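See below for the structure under consideration.
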Amino acid sequence: MKLIDLHCDTILNCINSDGKIKLNRNDLCIDIQKLKRADSFGQLFALFVDLEKYNNPMDRCLYMIDGFYREIEENSNDIAFAGSIKELKKNRSEGKISAFLTVEEGGVLEGRLQNLRTLYKRGVRLITLTWNYSNCIGYPNFQWEHKDKGLTAFGVEVVAEMNRLGMLIDVSHLSDQGFYDAARLSKKPFVASHSDARTVVNHWRNLSDDMLKKLAEKGGVAGLNLEPEFLGEVGSVEAMVKHVIHMTNTAGIEAVAIGTDFDGCSPLTAITNIGDIHILVYALSKAGFSDEDIEKIMYRNAKRVIKDVLG
């Protein structure tokens with residue numbers, strides 16, 4: 001069963017280790033060997049920049065992009081950059097995993113659209129508009145405090161420019177009103193790369209039923225996040241299945257994907273790394289999902305959105 005995972009923080013760990021942690025093989029949740037075991041079709045690697053740590057977040061982001069490409073080049077027999085559906089298919093035909101480059105923190109744009117265009121030229125194909133801080137684009141849903149605040153005027157411009165360029169708009173972490181602004185303004189499908197169902201676990205990082213429906217109406221997807229705090233039930237496989245059942249019943253089978261949040265989420269006991277994703281596949285099958293439905297959740301839905309937005 002092939003897999004496209006919409007979100008992980010592995011590259012951050014590699015870069016912060018000063019060369020001690022490498023992408024090929026490591027003790028993290030994701031490395032190339034584990035991705036091979038998962039039959040990874042594509043992995044979206046997030047570059048997370050902490051706005052409270054860096055005075056020049058765009059510079060930090062560019063530094064991380066360089067680190068991402070170094071890891072890809074060192075492992076070019078197994079993994080290759082992809083920025084489009086054509087490159088995804090080409091890499092697969094050559095037996096390589098596709099590595100998509102994403103940024104988790106729209107504040108790296110520093111209020112300038114030229115920075116967005118620079119990131120696109122450097123290969124970034126998805127931006128998570130906010131993390132847990134307010135930024136030039138909008139507000140996070142952090143502990144509900146900003147849930148009624150929408151996108152800034154610059155945020156509105158960012159949505160339009162990302163649509164024009166062909167970049168995925170990611171609303172995970174975004175305030176409720178920011179979500180609705182993005183849904184209203186975006187002319188293309190958008191994603192919540194790593195978010196679960198709020199009706200199942202009432203957490204500010206999860207999506208309400210109405211949000212899930214809006215996402216589906218736009219042709220977008222929500223990636224199942226494996227963070228135990230968002231899943232409930234100590235992050236058990238049963239909890240994962242419960243969220244998937246609710247999300248598919250609410251928004252339809254086409255609107256659910258995988259966004260593990262591996263190497264950025266709390267330690268898991270049920271599925272400890274990407275190579276064990278077959279445990280979730282088996283659990284979904286036992287819960288009554290057909291092979292076709294499981295394929296959609298594991299990779300086909302994400303592949304469709306990549307095609308629709310990135311081209």
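For this structure, a couple of remarks:
- Interatomic Cα distance distribution for segment 159-311, bins of 10 angstrom, percent: 12, 44, 34, 10, 0
- In segment 1-140, inverting the average of 1/r over every pair of distinct C-alpha atoms gives 15.4 Å as the Kirkwood radius.
- Comparing mean-square fluctuations of 60, 164, 205 from a GNM of the chain with C-alpha springs under 10 Å, the top value falls on 164.
- Note on the chain: antiparallel DSSP beta bridges, both residues inside, total approximately 5 percent of the bridges counted.
- Three semi-axes of the equivalent ellipsoid, segment 138-228, Cα gyration tensor, whole Å, largest first: 20, 15, 10
- Backbone phi angles across segment 98-109, fed through the Karplus curve with coefficients 6.51, -1.76 and 1.60 (θ = phi - 60°), yield HN-Hα couplings of 8, 10, 9, 9, 9, 10, 9, 2, x, x, 5, 5 Hz in residue order; Gly and Pro are listed as x.
- Distance from the Cα centroid of segment 1-36 to that of segment 172-244 is 24 Å (rounded to whole angstrom).
- Label-to-label distance for residue 292 and residue 22 is 4.5 nm, based on points extended 7 Å past Cα in the beta-carbon direction.
- The calculated 222 nm mean residue ellipticity attributable to helices in the chain amounts to -11500 deg cm²/dmol, summing -39500 (n - 2.57) over DSSP H runs of n ≥ 4 and dividing by all residues.
- For the chain, the per residue solvent-accessible surface stands at 39 Å², with DNA, RNA and ligands left out and a 1.4 Å probe.
- Electrostatic dipole magnitude of the chain [Cβ: Lys, Arg +1; Asp, Glu -1; Cα centre; debye, to 20]: 1060 debye
- Counting 0.36 nm for each residue step from residue 161 to residue 276 and taking away their Cα separation leaves a gain of 37.6 nm.
- Segment 1-136: relative contact order in percent, alpha carbon pairs under 8 Å with at least 6 residues between: 24 percent
- Enclosed volume per residue, in Å³, of the convex hull spanned by Cα atoms of segment 233-284: 82 Å³
The values are calculated or read from the model by the stated rules, or taken from the named source; none is laboratory data. This structure is a prediction, so every number in the text was calculated from the model and none was measured. Methodologically, a virtual Cβ is constructed for each residue, glycine included, from the backbone with ideal geometry; neighbour enumeration extends over all protein chains shown. Protein only, heavy atoms only, side chains kept; ligands, DNA and RNA dropped before computing areas. Shrake-Rupley method; radii C 1.70, N 1.55, O 1.52, S 1.80 Å.
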